Amino acid sequence: MTKAFSANQWDERETWSRDRLAAFQADALARQLAYVEASSAWYRARFAAAGFRAADFRSPSDLARLPLTTKQDYLAALEAAPPWGTALACDPASIRRVHFSSGTTSRPTPDAWTADDLARWADLYARATYSQGAREGDVFQCLFSYPWFVGGLGATAAFERIGCAVIPGGSGDTERQIETLFAYGTTAIMATPSFAAHLAEVAQRMGRDLRASKVRHIGVGGEPGAGVPATRARLEDLWGARVYDCYGSLEFQPIAWDCAAQAGGHLMEDFAFAEVIDPDTGAAVPDGTPGMLVLTHLDKQAFPLVRWATGDVVVRDSRPCACGRTHARLPGGVLGRADDMIVVRGVNLFPTAVEDVVRAMPGLADEYRIILDDSVRDPATGFPTGIRLQVEAVGEAPPDIGHRLADAIRTKLLVRAVVEVLPPMTLDRFTHKAKRLVKR
Ligand SMILES: [Zn+2]
């Protein structure tokens, strides 16, 4: 039996008025901060160092008195008392699940969940997949990795809760996955965008057309992808299915998932309190302005986080969605990492956005260099641009390719760049940790 609140809504809270949501958040924050202060030695010390007492908390604006919690802070707390660290807020005996970070940037770090935490997590995933259209009777093949990674078991629990048949496929055995999804009439899958694209490629080699399968619902996560319109359109075309961005992290499961309107993932504002701040000054930025997402758990028991600096740059939109839900959305998903954001004459820009435009233009090599320099001026107009973009021509590149690239950059990114088209193989190549942004 499905436990949905209504035919198109899993939980009553999804359509609460903004006022009701704000009142709920204020109460939940007061409760959670008191719990964190009492239960986490590490946070108790940080609160005290900031001259903050949970008992004095009056409104969410008080949170700004507390420092951000960074990944480095979390690592330090783990080092202090392995394996759980000093930030753990529950008795280790009440831990029911542990997942780990991939360890690409540091030693794999753990996150843990109590029984209540797990139930909450499954319910939030169910809410989000239900908002995308998953229903009782769906056949769900989970193509997320199961070992270590958070996605696989979370998605499995959510679809079971909705009332679907779940096939825990995992992220390997590509040909078997394809045979299985045809044989058992799979209607919904979740995968990383790269695995979803890989499956389509292998299916073609096998002479199978995924568009002829019953899959109509694809949730992608674990890496950026569905937030990029070109990537989403490509996957939707390959599968003949709708693709939904499912943004989360090890520390916050989930963060913001697309609804059926695909108008930017909905934050789960009754689970995490979200701030969007200027990463340099720490000041809150208004809706519509890019900033770093900072999250505070409203009810997590094992590893609660207060003002967690996600490092992800987003734009928040708190206006109601076409789907009727009131929780704020993040149109475009994660726009980039805060460390990578540059400001050119008042316009926020990510190197990845420039890369998109360069790589979409036939006749140019993939390599490029962005040079930020206040003295750069457009030679034709004398207009200061502050940005020079070096690219390389390949093959029979049309002679006006530099102009066309400058036009595309201006139209798509709203900045004027002076484009220099260089001969092939002029720029240095990178095999690891590319550095394509130069500041002068
Ligand atoms: Zn919506």
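Within the option set Asp373, Asp366, being surrounded by fewer than 18 Cβ atoms within 10 Å (Cβ to Cβ) and at pLDDT 85 or above holds for one residue only, Asp373. Contact map, the range 376-402: residues that are more than 22 Å from Val347 (Cα to Cα) and surrounded by 13 or more Cβ atoms within 10 Å (Cβ to Cβ) paired with residues that are modelled with pLDDT under 90 and acidic (Asp, Glu), Cβ distance under 6 Å, separation 6+ or inter-chain. Pairs shown: Glu392/Glu367. Taken over the range 285-299, the criterion of being more than 21 Å from Phe57 (Cβ to Cβ) and in a loop (DSSP other than H, G, I, E, B) is satisfied by Val285, Pro286, Asp287, Gly288, Thr289, Pro290.
Go through the range 265-281 residue by residue and tally those that are at pLDDT below 95 and not hydroxyl-bearing (Ser, Thr, Tyr). Break it down stepwise before answering.
First, the residues of the range 265-281 that are at pLDDT below 95: 278-281.
In the following step, the residues that additionally are not hydroxyl-bearing (Ser, Thr, Tyr) were identified as 278-280.
So the count comes out to 3.
Scanning the range 212-220 for residues that are free of Cβ contacts under 8 Å to residues at least 40 places away in the same chain, over 24 Å from Asp123 (Cα atoms) and either away from the ligand (no atom under 16 Å from the Cβ) or not in a loop (DSSP other than H, G, I, E, B) (or both) turns up at least one hit. The residue pairs whose first member lies in the range 258-280 and is more than 11 Å from the ligand (Cβ to nearest atom), whose second member is among the aromatic types (Phe, Trp, Tyr), and whose beta carbons are closer than 8 Å, counting only pairs six or more residues apart or on different chains, are Asp270/Trp16; Asp270/Phe24; Ala272/Phe252. In the set (1) surrounded by fewer than 16 Cβ atoms within 10 Å (Cβ to Cβ); (2) without any contact (Cβ under 8 Å) to a residue 24 or more places away in the chain; (3) aromatic (Phe, Trp, Tyr), the condition left unmet by Phe47 is number (1). So for the range 247-254 (the condition being within 16 Å of the ligand (Cβ to nearest atom) and touching a Gly at 6+ places or on another chain (Cβ under 9 Å)), does at least one residue qualify? Yes, the range 247-254 contains a residue that is within 16 Å of the ligand (Cβ to nearest atom) and touching a Gly at 6+ places or on another chain (Cβ under 9 Å). Whenever a residue of the range 323-345 is more than 19 Å from His266 (Cα to Cα), its partners that are away from the ligand (no atom under 16 Å from the Cβ) and of a type in the set (Asp, Glu), lying with C-beta atoms within less than 7 angstrom and at least six residues away or across chains, give the pairs Arg337/Asp312. Taking the numbered list (1) outside any helix (DSSP H, G or I); (2) more than 16 Å from the ligand (Cβ to nearest atom); (3) buried (at least 21 other Cβ atoms within 10 Å of the Cβ); (4) under 21 Å from the mean Cα position of the chain (by Cα) in turn, Ala302 passes all entries but (4).
Restricting the range 330-356 to residues that are surrounded by fewer than 19 Cβ atoms within 10 Å (Cβ to Cβ) and either at pLDDT 85 or above or of a type in the set (Ser, Thr, Tyr) (or both), the residue that is nearest to the ligand (Cβ to nearest atom) is Pro331.
Could you please let me know if Arg388 is touching an Asp or Glu at 6+ places or on another chain (Cβ under 8 Å) and part of a strand (DSSP E or B)? It would help to see each step written out before you state the result.
On the way: touching an Asp or Glu at 6+ places or on another chain (Cβ under 8 Å): yes; part of a strand (DSSP E or B): yes.
The answer is yes for Arg388.
Which residue out of Ala134, Ala128 is assigned to a loop (DSSP other than H, G, I, E, B), within 16 Å of the ligand (Cβ to nearest atom) and modelled with pLDDT of 95 or more? Result: Ala134 is the single residue among Ala134, Ala128 that is assigned to a loop (DSSP other than H, G, I, E, B), within 16 Å of the ligand (Cβ to nearest atom) and modelled with pLDDT of 95 or more. All conditions in (1) surrounded by 12 or more Cβ atoms within 10 Å (Cβ to Cβ); (2) not in a loop (DSSP other than H, G, I, E, B) hold for Ala4, with the sole exception of (2).
Taking the range 305-329 as the range and being touching a Lys or Arg at 6+ places or on another chain (Cβ under 6 Å), within 16 Å of the ligand (Cβ to nearest atom) and in a strand (DSSP E or B) as the test, only Asp317 passes.
The values are calculated or read from the model by the stated rules, or taken from the named source; none is laboratory data. It should be emphasised that the depicted structure is a prediction, and the values quoted were computed from it without experimental measurement. Cβ: placed from backbone, ideal geometry, glycine included. Neighbour counts: every protein chain shown.
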